[in-house]
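To start, the structure itself, in structure tokens.
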Amino acid sequence: MSADHLPEHPEFLWRNPDPKKSYDAVIVGGGGHGLATAYFLAKNHGMTNIAILEKGWLAGGNMARNTTIIRSNYLWDESAAIYEHSLKLWEILPEELEYDFLFSQRGVMNLAHTLGDVRESMRRVGANQLNGVDAEWLDPKQVKELCPILNINDNIRYPVMGATYQPRAGIAKHDHVAWAFARKCDELGVDIIQNCEVTGFIKDGNKVTGVKTTRGTINTEKVGLCAAGHSSVLAEMAGFRLPIQSHPLQALVSELHEPVHPTVVMSNHVHVYVSQAHKGELVMGAGVDSYNGYGQRGSFHVIEEQMAAAVELFPIFGRAHVLRTWGGIVDTTMDASPIVGATPVENMFVNCGWGTGGFKGTPAAGLTFAHTIATGTPHTLNKPFSLERFETGALIDEHGAAAVAH
Amino acid sequence: MLLFSCPNCGPRNETEFHYGGQAHVAYPESPDQLSNREWAEYLFYRENTKGLFAERWVHAAGCRKWFNMVRDTVSYEIQAVYGMGEQAPEGLTAPPAAQAKSQPLAPAEAGTTTASEGV
């Protein structure tokens, strides 16, 4: 058995145009969400005179730093609906975008280590099934059958008492996902403008009419913010606040190994998640640093705790070497759910607050946000995720409810 | 790993501390008079400064006392440590930005927040 071969890239990916004087819509942020938004604006709403502005290089922020896990086993109806729609889009996107990004539905297990975990997990399996999300409960023996390298002895600090399992979940090659969207955006006429940092907004009264950038001023009728960890920095420039706190989230990879890890394993209780990349690296992640930070690096003790948990659960990792660690800045909300919708500034919309779960949400975030930008009204799926919910109290509290803390 | 100077115990490892978010967020003076918007501001809206940030920490594995700290959220450099109820040293506060401003969701709903430092 050998690792999957990476697919060949198409000959042409995207142009690198200079910004025009004006666009019908400007998307700020050239990561996965910005690219997916522009793609669906062009494809579903016929808006092709649009630009994506990226301060660095395309998809070089969180999109390049995530652990590529895709799943939809969330507890609350609103979250299950949007993430499950996302998963359904993931299933058809490689064909639609004509680009193989190695979406591998190898399944995701969420381990339970305490009686409380077991009960919460079984509840979530039931909720998932009611919401049409594939989910099942596995006992430790079934866990071992699916992932033979897991230690299911009951004499360890965090014994495996079972797991939820979503067979349709999996991983995708994140860079290729970004390039696939970017290539289609370009084909549809979208200008992808890199090295173009937004430095301010131009408003007429309370209505946004333009964007100031390091490459000049751009007039536009609509602005969509897709800047993840930097969303509140942009909101401040535009004169409003977001209930967002930015935290560093880190991940790491080992050197290459023969395929040993056939699925994705996550543990909320000890907070480690592990999958094996197509090339063979073990990809692992942990929780966010407790404090606010924009430094794109994480605390050493977070990795230390995560590695201790990983080595106990997977004894064969004791001899693996860490090759590289990195950090991204995630935008967290108090209810651990995203914000997708209108802002206090007219014609300006925001897609943020995805916290540690943005990658899996990329297609649905793009689809629903494009709908909101094009029509000025919420999509059925993003309506519950409005900024108003912090005032009305209709929170979607996925903290502790979802498979893993945000 | 960061090294924090607890005002009571001296320099200790970051892992002994627990984070408490933005400092100097006052409990509303007249909670019974707040609008939904003002409650939202108090409960869910915090500064998210890129740069100097005044925040609270508790020395959970030591003296168990809270204190304030000004830290740079980009370099993680600690600029000042001071007691609860004290103000940040001059020049070490975050730029005024949106601080204390009530940002209405809809312009028509603008209102003023009545808040004080409280105890």
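The values are calculated or read from the model by the stated rules, or taken from the named source; none is laboratory data. Just so you know, these numbers come straight off a predicted model, no measurement behind them. Every residue, glycine as well, gets a Cβ built from its backbone with ideal geometry; the counts of neighbours run over all protein chains shown. For the accessible areas, the whole protein counts, side chains as well, though only heavy atoms, and no ligand, DNA or RNA atoms are used. Shrake-Rupley method; radii C 1.70, N 1.55, O 1.52, S 1.80 Å.
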Need one value for A:25-34: mean number of C-beta atoms belonging to other chains within 10 Å of its residues' C-beta atoms.
0
In deg cm²/dmol and to the nearest 500, what is the mean residue ellipticity at 222 nm of chain A if only DSSP H runs of at least 4 residues count, each as -39500 (n - 2.57), divided by the residue total?
-9000 deg cm²/dmol
Just tell me how shielded B:43-54 is by partners: mean number of partner chain Cβ atoms within 10 Å of each residue's Cβ, no decimals.
6
Value of D in µm² per second that Stokes-Einstein yields for region A:245-399, Kirkwood Rh from Cα pairs, at 10 °C (1.306 mPa s):
91 µm²/s
Across region A:198-259, how large is the tail of the calculated P(r) beyond 16 Å, expressed as a percent of all Cα pairs?
57 percent
Averaging over every viewing direction, what projected area does the convex hull of the Cα atoms of region A:43-177 cover, in nm²?
10.9 nm²
Shielded residues, region A:317-345 - accessible-area loss of 50 Å² or more between chain alone and all protein chains, probe 1.4 Å
A:Met334, A:Pro344
Grab every C-alpha pair in region B:1-57, bin the distances at 10 angstrom width from 0 up to the longest one, and report whole percents.
18, 37, 27, 15, 3
Excluding ligands, DNA and RNA, what is the accessible area buried between chains A and B, summed over both sides, using a 1.4 Å probe, to the nearest 100 Å²?
2900 Å²
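One-quarter of the Cα convex hull surface for region B:34-80, in nm²?
For region B:34-80, the mean projected area of the Cα convex hull comes to 4.6 nm².
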Taking region A:176-288, how much of its Cα-Cα pair set, in percent, is spaced more than 23 angstrom apart?
56 percent
Could you provide, to the nearest whole Å², the per residue accessible area of region A:206-365 with probe 1.4 Å?
31 Å²
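What percent does the relative contact order of region A:329-387 come to when contacts are Cα pairs within less than 8 Å and at least six residues apart?
About 39 percent, as a whole number.
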Stokes-Einstein at 4 °C, 1.567 mPa s, Kirkwood radius from Cα pairs: D for region A:1-101 in µm² s⁻¹?
80 µm²/s
Over all directions, what mean area does the Cα convex hull of region A:155-213 project, stated in square nanometres?
10.1 nm²
Measure nothing fancy, just the Cα-based angle from helix A:174-187's long axis to the longest principal axis of chain A, in degrees from 0 to 90, nearest 10.
30 degrees
Three-way shape call for region A:100-157 based on the alpha-carbon gyration tensor, with the a/c threshold at 1.5
oblate
Using only alpha carbons, build the gyration tensor for the protein assembly as shown and give me the equivalent ellipsoid semi-axes, biggest first, whole Å.
34, 32, 22
Multiplying the sequence separation of A:Leu256 and A:Asp100 by 0.36 nm and subtracting their Cα-Cα distance, what value in nm do you get?
54.0 nm
Shielding score for B:74-86, defined as the mean number of other chain Cβ atoms within 10 Å
1
If one computes the Cα centroid of region A:277-327 and of region A:350-382, what distance in Å separates the two points?
29 Å
Going Cα to Cα from A:Lys212, which lysines come in below 21 Å? Please leave out same-chain ones fewer than 8 positions away.
A:Lys20, A:Lys21, A:Lys55, A:Lys203, A:Lys222, B:Lys50
Please report, in Å, the Rg and the Dmax of region A:179-223, where both are computed over Cα atoms only.
12.8, 38
Principal axis dimensions, largest first and in whole angstrom, of region A:65-141 by Cα:
45, 26, 24
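Given the alpha-carbon gyration tensor of region A:267-354, what are the semi-axes of its equivalent ellipsoid in whole angstrom, ordered largest first, with each equal to the square root of 5 times an eigenvalue?
So the equivalent ellipsoid measures 33, 14, 13 Å along its semi-axes.
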Using only Cα atoms, what is the ratio of the radius of gyration of region A:103-258 to 2.2 N^0.38 Å?
1.54
Rg/Rh for region A:327-389 to two decimals, with Rh computed the Kirkwood way over all alpha-carbon pairs.
0.95
Please report, largest first and rounded to whole Å, the three semi-axes of the ellipsoid equivalent to region A:47-89, where each semi-axis is the square root of five times an eigenvalue of the C-alpha gyration tensor.
27, 17, 8
